[in-house]
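Asks: If you scroll down you'll find the structure; I have some questions about it.
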Amino acid sequence: MLDSTEATAGAPAGQLLRDWRIRRRMSQLELASTAGISARHLSFVETGRSRPSRAMLLHLAENLDVPLRERNPLLIAGGYAPTYHATDFHAPEMQSVREAVERILAAHEPYPAILVDRRWQLVGANRAATVLVDGVAPELLAPTCNVLRVSLHPKGVAPRIANIAQWSAHIIDNLRRQIAVTGDDELRELELELVGYAADMGIAVPPAAEPGRPIAMPMRLRTDAGELALMTMIATFGTALDITLAELSLETFLPADAATASALFARMESAPA
């Protein structure tokens, strides 16, 4: 699986392109048609009979939706310098991004909202998000806190989730979809860890999403204000050219019923400023 420069070191660019095409379940003809090139030319690129230009590599990567982080190894394999950089989120260059994210997080209150990176490590959160972590073991909330681990860990949120079987299956199924797209080995390790937590709770996670599932899976969270029903929505930066920015996701929690909305408003009004 492709995950990093180390994982792809030594592989020719054509092979990397072929690996991504197969992962996207596209035929040569489909990719060639989408990219506006001939299937014969694509075949020559994949087999190494034709050396693609830098522009062609980036064009094919765009049509394959290759993550920015993985485009650098592709360029290096083609004999070109890497293009994309990862700027530390707390660097001065990211100030405008941080301010924009902070405004979004604050505007979402009284509903919880969090900012995570590509491996679901917590980057930021609004005040309302504290409802999600009441009673969570402090060590799980330490730096490099992983929100999926916190969700299903026995010392995390799991004991307060009323529909933990359905929620575990939902979380793990979505993670598996992400792994299929990215090939990230660290996410694969996280998946095994989460499946282990589910097994310890007596939950048998299905190998794939079952047909006929509901259009949205709310998390039913037990709190001092009663049971809250929360649906999630994830947003990303659609025009990001920096690896760090491209890999950030904003997860917002929306009330699935009127009672939950009222409870969250009341909780925010009673919270200290």
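Asks: All but one of (1) more than 28 Å from Asn174 (Cα to Cα); (2) crowded, with 19+ Cβ neighbours inside 10 Å; (3) in the same structural domain as Arg177 (by TED's automatic domain parsing); (4) among the small types (Gly, Ala, Ser) hold for Ala32; which doesn't?
Replies: (3)
Asks: Additional query: Given the options Ala129, Ala125, Ala107, name the one that is among the hydrophobic types (A, V, I, L, M, F, W, C) and either outside the structural domain of Ser262 (by TED's automatic domain parsing) or surrounded by fewer than 17 Cβ atoms within 10 Å (Cβ to Cβ) (or both). Break it down stepwise before answering.
Replies: On the way: Ala129 fails: either outside the structural domain of Ser262 (by TED's automatic domain parsing) or surrounded by fewer than 17 Cβ atoms within 10 Å (Cβ to Cβ) (or both); Ala125 fails: either outside the structural domain of Ser262 (by TED's automatic domain parsing) or surrounded by fewer than 17 Cβ atoms within 10 Å (Cβ to Cβ) (or both).
One residue alone meets the criteria, Ala107.
Asks: Can you name the residue in segment 122-166 that is under 17 Å from the mean Cα position of the chain (by Cα) and part of a helix (DSSP H, G or I) and, of all such residues, is nearest to Leu105 (Cα to Cα)?
Replies: Within segment 122-166, the first condition is being under 17 Å from the mean Cα position of the chain (by Cα), and the residues that meet it are 122-125, 144-152.
Checking the rest, the ones that are also part of a helix (DSSP H, G or I) come to 147-152.
Working: Val147: 16, Leu148: 19, Arg149: 22, Val150: 20, Ser151: 20, Leu152: 24 Å.
Ranking the candidates gives Val147 first.
Asks: I'd like to check something: does segment 146-158 contain any residue that is at pLDDT 95 or above, buried (at least 16 other Cβ atoms within 10 Å of the Cβ) and polar (S, T, N, Q)?
Replies: Among the residues of segment 146-158, at least one is at pLDDT 95 or above, buried (at least 16 other Cβ atoms within 10 Å of the Cβ) and polar (S, T, N, Q), which makes the answer yes.
Asks: Next up: Tell me which of these Ala235 doesn't satisfy, since it passes every other one: (1) outside any strand (DSSP E or B); (2) under 28 Å from Thr87 (Cα atoms).
Replies: (1)
Asks: Follow-up question, since we're still on this one. I'm checking my understanding of the structure. Among residues of segment 195-209 that are within 21 Å of the chain's Cα centre (by Cα) and part of a loop (DSSP other than H, G, I, E, B), which one is modelled with the lowest pLDDT?
Replies: Start the filter on segment 195-209 by keeping residues that are within 21 Å of the chain's Cα centre (by Cα), which leaves 195-198, 205-209.
Keeping just the survivors that are part of a loop (DSSP other than H, G, I, E, B) gives 205-209.
Details: Val205: 74, Pro206: 64, Pro207: 65, Ala208: 56, Ala209: 53.
Filtering segment 195-209 for residues that are within 21 Å of the chain's Cα centre (by Cα) and part of a loop (DSSP other than H, G, I, E, B), the one modelled with the lowest pLDDT comes out as Ala209.
Asks: For residues that are in a loop (DSSP other than H, G, I, E, B) and within 16 Å of Leu58 (Cα to Cα), scanning just segment 25-42, find the one that is farthest from the chain's Cα centre (by Cα). Can you show your working first?
Replies: Step one: filter segment 25-42 for residues in a loop (DSSP other than H, G, I, E, B), giving 25-27, 36-38.
Filter once more, so that each one left must be within 16 Å of Leu58 (Cα to Cα): 36-37.
Working: Gly36: 30, Ile37: 31 Å.
In this case the residue turns out to be Ile37.
Asks: On to the next question. Can you tell me which residue is nearest to the chain's Cα centre (by Cα) among those in segment 99-121 that are in a helix (DSSP H, G or I) and closer than 20 Å to Ala266 by Cα? Break it down into steps so the answer makes sense when it comes.
Replies: Our first condition is that a residue be in a helix (DSSP H, G or I); within segment 99-121, this holds for 99-107.
After this cut, where a residue has to be closer than 20 Å to Ala266 by Cα as well, the list is 105-107.
Working: Leu105: 18, Ala106: 22, Ala107: 22 Å.
Filtering segment 99-121 for residues that are in a helix (DSSP H, G or I) and closer than 20 Å to Ala266 by Cα, the one nearest to the chain's Cα centre (by Cα) comes out as Leu105.
The values are calculated or read from the model by the stated rules, or taken from the named source; none is laboratory data. Keep in mind that what you see is a predicted model, and the values were worked out from it rather than measured. Note that each Cβ is placed from the backbone with ideal geometry, even for glycine, and that neighbours are counted across all protein chains shown.
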